[in-house]
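Visitor: If you scroll down you'll find the structure; I have some questions about it.
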Amino acid sequence: MNRSYLIALILSLLYYGAGAQKINTDIVNGDLAFEKFKYEEAVVFYKAALGEDSNDTDIKLKIAESYRKMNDHSSAVEWYGQVLDDQHKDFEDIFKLHYAQALLYVDDKENARKWFLEYRKKDSLSRVPENRLEGIDNFESFLKKSKYYTIEKLGLNSPSKDFSPHFYRDGLIFVSDRTTNEGKNAWDSRVFLNLFHARLSENGTFYTPEELSSKLNTLYHEGPVSIYNDGKRIAFTRNNYHKKVLKRSSDGINNLQIFFADINEKDKWTNLEKFEHNSHEYSIGHPAMNTQGNLMIFSSDMPGGLGGSDIYFSELIDGRWTAPKNVGNQVNTQGDELFPFLSQDSILYFSSNGHYGLGGLDVYRTSFSKEQTKPIENMGTPINSNADDFGFIVHKKGNMGYFSSNRESYENDDIYRFRIIPVGVKVAVVDRMTRQDLTVANVVISMGDKKEELSYYGEPLRYRAAYDQQYEVSVTAEGYGPGKASFNTAGMEPGQLTDLVIDMPRIVQEMPVSTTKLEPDVRPVAKVDSVQHLELVNIGGETYIGVDGKLYKPEEMDISEDSLNIMKRNMPDLPEAIEIKNIYYDHDKFDLKTQATRTIDGIVKLMERYESAVLEIASHTDSNGSSAYNERLAQDRSDRVVAYLTSLNVDEGRLRATSYGETRPVNNCRDGVPCTPEEYRMNRRTEFILKF
């Protein structure tokens, strides 16, 4: 008789009592299967055992526990209810807690409240029932956050489990059991989990996922992962299986461990190594790395924790990982804390079934510190549901991300994409005198220590901002003094855009006007009354002085703003203002629209009047498509403009055409950042700069 069978037999005898005369072999086999995590098999044996005694409450609780382990919460509720709803009997308190949690999963809040209260009578020190009761009582507060998010189920999902996504290059790495390899889990007869990679297409959907690497995937579990060091290194979870050797604990359990690997220049995973604090006796997994790779946050059920699985961290110092340190009771509870993700090296996201929440695993957020982690925040709906919500990641821009959930089917997990409905600011940079947009400026938007530099090209910039934050804006431009402003997003509603106009003071050096006649092309220009033809020209909101067929800025002629205003009053018949605006294109097109040709026609008239003018033509694309394709597309746009100008008899020698592809967006729409059609359109443009 082997050891496991003997243990199961002893357990069976205990259930029947010391004086029992008959051993039910179905119960023995069910207990043995349960101890080996073969829960489906255990249910079959337990139900067979009920054939001899349909009122055996101990067997019914075993069935309920088996369904709980299988995440079949509806069935668990049915079998717990058959036993616990009988008020004339008393059972172990842990079953009351499990019943309450299962009721939350199926969204029966009132009955869940009842059983959390029953459990709390016997265990008043546990935070779990207190937190869950708080969640039930404050359920409406979770709904308030739903207006900030939109979510969508990804097309890469399969009928199997797909979960724990992580950003990798041009797509996602995620965990799935969709393959049909030889290994299978004992407890649910499903194949083991492997790592997959799905590339993101140009239209925001995903190509068919492929297995990540045979060097990483084995016949046992792999995942979740964390990619760091600029995508050149991975930390990942795997069963205790290394160099084709599977190892177990003293209790015969194959626990989880953390491994590391490098990716070389040929996209091959190499240098596989184990985390030095792995153990055969307990699990360590779900790594989350900081960007430098010298801090790892993970989950473990190692001895000394506060509950089932706790969140820990370890630091890499002088090539060695420090002893794991528990992050403390702000995060960890008597329940399970799992699936950590570290954003911007300072914000910790994780899932827990021990804090206040909607049910199952909920996603939480907190500011992470090695000294003392701050209070947590439940992410609310629609990120969280009454099911398990976990594997949450957020893009470095903070405007979108992914998570996994079994909200549609307790048997299978799916990956969802979320987008934060933005708030933001529309920044206009104008000349203080003329109130016209500047042609070129440099805009820096700051929030605390974080700064983002943007280029301004004559049209207002739209900037996505975070909720409830203070921002500072500074602007510099050639020929102007600095401009500054600020805005605050506190109290802004989703989708709200606030206008911010920054007026820029001109820098004018006051000097007396020269009375000496100068040679041609020597600046500053001679006294105004010594020229034959003079006019004022308004180009894109900025005033130039035309002298005998050449244009000059007022400061080049040592003319102050006051003097310029006098000239304007004395020259009432000014030419019509000429606006040099960007032109825009449809997606993947380079043909010129009617409005674009009108803009170019105005530029041609100006170039005819001032033959020294040179026109710079700079074309751009949005971020859809590969960078090489976009560079060619932008060049096609510049070439089309040149062709049109030369057809109007503009000398090609006066044209300077360039292509920037997708490298200079006017907003945040870069690779991997979903944007609105209007935001993409702003980047599909050609800019014109006249130089004299």
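Visitor: Between S627 and D53, what length comes free when the chain is fully extended (0.36 nm per residue of separation minus the Cα-Cα distance, one decimal in nm)? Mind showing how you got there, number by number?
Guide: Values: separation 574, 0.36 × 574 = 206.64 nm, distance 7.04 nm.
So the extension gain works out to 199.6 nm.
Visitor: Check cross-link reach from K581 to the aspartates and glutamates: straight Cα distance under 15 Å, and skip same-chain residues fewer than eight apart.
Guide: D437, E459, E542, D601, E616, E687
Visitor: Distance between Cα centroids, the stretch 325-340 to the stretch 98-173: provide it in whole Å.
Guide: Computed from Cα coordinates, the inter-centre distance equals 16 Å.
Visitor: Additional query: Where does helix 57-69 land angle-wise versus the long Cα axis of the chain, in degrees 0 to 90, nearest 10?
Guide: Rounded to the nearest ten degrees, it is 20.
Visitor: Taking 18 Å as the cut-off for C-alpha to C-alpha distance, list the pairs among K144/K396; K605/K691; K396/K451; K593/K691; K153/K397 that go past it. Walk me through the numbers on the way to the answer.
Guide: On the way: K144/K396 24 Å; K605/K691 15 Å; K396/K451 13 Å; K593/K691 25 Å; K153/K397 21 Å.
Violating the 18 Å Cα-Cα cut-off are K144/K396; K593/K691; K153/K397.
Visitor: Ok, one more. State the answer as a single residue: which of S409, V440, A465 lies farthest towards the positive end of the charge dipole of the stretch 329-478, with beta carbon charges of +1 for Lys and Arg and -1 for Asp and Glu, about the Cα centre.
Guide: V440
Visitor: First check a/c for the stretch 388-472, with a ≥ b ≥ c the square roots of the eigenvalues of its C-alpha gyration tensor; if it is under 1.5, answer rounded, and if not, answer prolate when a/b is larger than b/c or oblate otherwise. Please list the in-between numbers first.
Guide: Numbers: a/c = 4.05, a/b = 3.19, b/c = 1.27.
Prolate, because a/c is 1.5 or more and a/b exceeds b/c.
Visitor: Okay, moving on. Highest mean first, what order results for 92-102, 149-159 on Cβ atoms within 10 Å?
Guide: Numbers: 92-102: 21.0, 149-159: 15.2.
My ranking of the peptides, most packed first, is 92-102, 149-159.
Visitor: Projected onto the charge dipole of the chain (+1 at Lys/Arg Cβ, -1 at Asp/Glu Cβ, origin at the Cα centre), which of T543, N271, W115 gives the Cα projection farthest towards the positive end?
Guide: Going by the Cα projections, it comes out as N271.
Visitor: Excluding ligands, DNA and RNA, what is the solvent-accessible area per residue of the chain at a probe of 1.4 Å, expressed in Å²? Display every interim value, and only then the final one.
Guide: Numbers: 33330 Å² over 692 residues.
Heavy-atom SASA per residue in the chain reads 48 Å².
Visitor: Once you have the Cα-Cα distance between I94 and Y467, take 0.36 nm times their residue separation minus that, and quote the gain in nm to one decimal.
Guide: Values: separation 373, 0.36 × 373 = 134.28 nm, distance 4.14 nm.
Length difference between fully extended and current span is 130.1 nm.
Visitor: Can you bin the stretch 589-685 into rounded, prolate or oblate? Criterion: square roots of the alpha carbon gyration tensor eigenvalues sorted a ≥ b ≥ c, rounded for a/c under 1.5, prolate for a/b above b/c, oblate for the rest.
Guide: On the way: a/c = 2.51, a/b = 2.11, b/c = 1.19.
Because a/c hits 1.5 or more and a/b exceeds b/c, the stretch 589-685 counts as prolate.
Visitor: Under 1.5 on a/c is rounded, so check that first for the stretch 276-434, then, if it is not, pick prolate when a/b is larger than b/c and oblate when it is not; a ≥ b ≥ c are the square roots of the alpha carbon gyration tensor eigenvalues.
Guide: Numbers: a/c = 2.31, a/b = 1.40, b/c = 1.65.
Taking the square roots of the gyration eigenvalues as a ≥ b ≥ c, the stretch 276-434 is oblate.
Visitor: OK, next. Enumerate the calculated ³J(HN,Hα) couplings along the stretch 305-312 in order (Karplus 6.51 cos²θ - 1.76 cosθ + 1.60, θ = phi - 60°), each rounded to whole Hz, writing x wherever the residue is Gly or Pro.
Guide: My calculation for the stretch 305-312 gives x, 8, x, x, 10, 10, 8, 10 Hz in order.
Visitor: Suppose every K and R has +1 on its Cβ and every D and E has -1 on its Cβ; what is the size of the dipole of the chain about the Cα centre, in Debye to the nearest 20? Show your work: numbers first, answer last.
Guide: Details: 83 positive and 105 negative charges, 149 e Å.
Using only the charged Cβ atoms, the result is roughly 720 debye.
Visitor: Using R₀ = 30 Å, calculate the FRET efficiency as 1/(1 + (r/R₀)^6) where r is the Cβ-Cβ separation of K121 and F37; round to 0.05. Intermediate values should be presented prior to the final figure.
Guide: Numbers: r = 32 Å, r/R0 = 1.06.
Computed FRET efficiency for K121 and F37: 0.40.
Visitor: Within the stretch 656-692, find all residues whose amide N lies under 15 Å from a label point positioned 7 Å from the Cα of E453 along Cα-to-beta-carbon.
Guide: Backbone N within reach: 664-665.
Visitor: For the pairs K62/K109; K161/K450; K69/K96; K274/K370; K161/K325, flag any whose C-alpha to C-alpha distance is greater than 26 Å. Write out the running numbers ahead of the final one.
Guide: Details: K62/K109 24 Å; K161/K450 38 Å; K69/K96 15 Å; K274/K370 23 Å; K161/K325 31 Å.
Violating the 26 Å limit, Cα to Cα: K161/K450; K161/K325.
Visitor: Binning at 5 angstrom from zero up to the longest distance, how are the C-alpha pair distances of the stretch 356-434 distributed in percent?
Guide: Using 5 Å bins, I get a P(r) of 3, 12, 19, 18, 15, 10, 6, 5, 3, 4, 2, 2, 0, 0 for the stretch 356-434.
Visitor: Next question. Mind checking which aspartates and glutamates have their Cα closer than 18 Å to the Cα of K215? Skip sequence neighbours fewer than 8 apart in that chain.
Guide: D177, E182, D262, E265, D267, E273
Visitor: Under a cut-off of 19 Å between alpha-carbon atoms, report the aspartates and glutamates in cross-link reach of K268, not counting same-chain residues fewer than 8 places apart.
Guide: Answer for K268, where 19 Å is the Cα cut-off: D170, E210, E211, E222, D230, listed by chain and number.
Visitor: If I fit a long axis through the Cα atoms of helix 594-609 and take the longest principal axis of the Cα atoms of the chain, what angle between them do I get, 0 to 90°, rounded to 10?
Guide: That helix lies at roughly 30 degrees to the long axis.
Visitor: Let me ask something else. Amide H neighbours of Y149 under 5 Å, at least 5 residues apart or on other chains, H built in the peptide plane: list them.
Guide: I421
Visitor: Expressed as a whole number of Å, what is the distance separating the alpha-carbon centroids of the stretch 68-85 and the stretch 428-487?
Guide: Result: 59 Å between the Cα centres.
Visitor: From the phi angles alone, apply the Karplus equation (6.51, -1.76, 1.60; θ = phi - 60°) to the stretch 439-444 and give each ³J(HN,Hα) in whole Hz, x where the residue is Gly or Pro.
Guide: Listing the rounded values in order: 6, 9, 7, 10, 10, 10 Hz.
Visitor: Please give, to one decimal in nm, the separation of the simple spin-label points placed at E276 and A428, each 7 Å out from Cα toward the Cβ.
Guide: It works out to 6.1 nm between the two label points.
Visitor: Going highest first, how would you order 331-338, 361-368 by mean Cβ packing within 10 Å? Don't skip to the end; give the middle numbers.
Guide: On the way: 331-338: 23.1, 361-368: 21.5.
With the highest mean Cβ count within 10 Å placed first, the list reads 331-338, 361-368.
Visitor: Could you point to the residue in V614, N240, G304 farthest towards the positive end of the chain's charge dipole, with +1 and -1 charges on the Cβ of Lys/Arg and Asp/Glu respectively?
Guide: Towards the positive end, the residue furthest out is N240.
Visitor: Residues with beta-carbon under 10 Å from that of F34, excluding F34: net charge, scoring Lys, Arg +1 and Asp, Glu -1?
Guide: On the way: positive: K36, K38, K62, K69; negative: D31, E35, E41, E65.
That sum, taken over residues with Cβ under 10 Å, equals 0.
Visitor: Where the accessible area of the chain is counted over protein heavy atoms with a 1.4 Å probe, how much of it, in %, is carbon and sulfur? Don't skip to the answer; put the middle values down first.
Guide: On the way: 15820 of 33330 Å².
Ligands and nucleic acids excluded, carbon and sulfur give 47 percent.
Visitor: Continuing with this model, one more query. Helix 39-49 sits at what angle to the longest principal axis of the chain, using alpha carbons and giving 0 to 90 degrees rounded to 10?
Guide: Helix 39-49 sits at roughly 30 degrees to that axis.
Visitor: OK, next. Rg and Dmax in Å for the chain, alpha carbons only: what are they?
Guide: Answer for the chain, Rg first and Dmax second: 34.1, 127 Å.
Visitor: Using modelled backbone amide H atoms (1.01 Å from N, in-plane), which distant-in-sequence or interchain residues come within less than 5 Å of V425's amide H?
Guide: HN-HN under 5 Å from V425: Y463, A465, T498.
Visitor: What list of ³J(HN,Hα) couplings, whole Hz, do you get for the stretch 337-346 from phi and the Karplus terms 6.51, -1.76, 1.60, once you set θ to phi - 60° and write x for glycine and proline?
Guide: Result, ordered by residue: 10, 9, 6, x, 9, 9, 9, 6, 6, 9 Hz.
Visitor: Measuring from the lowest to the highest alpha carbon on each principal axis, how far does the stretch 244-309 reach, largest first, in angstroms?
Guide: Principal-axis extents of the Cα atoms in the stretch 244-309, largest first: 42, 29, 15 Å.
The values are calculated or read from the model by the stated rules, or taken from the named source; none is laboratory data. Quick caveat: nothing in here was measured; it's all calculated off a predicted structure. Positions of Cβ are backbone-derived with ideal geometry, glycine not excepted, and every protein chain shown enters the neighbour counts. The accessibility values were calculated without ligands, DNA or RNA, using every heavy atom of the protein model including side chains. Shrake-Rupley method; radii C 1.70, N 1.55, O 1.52, S 1.80 Å.
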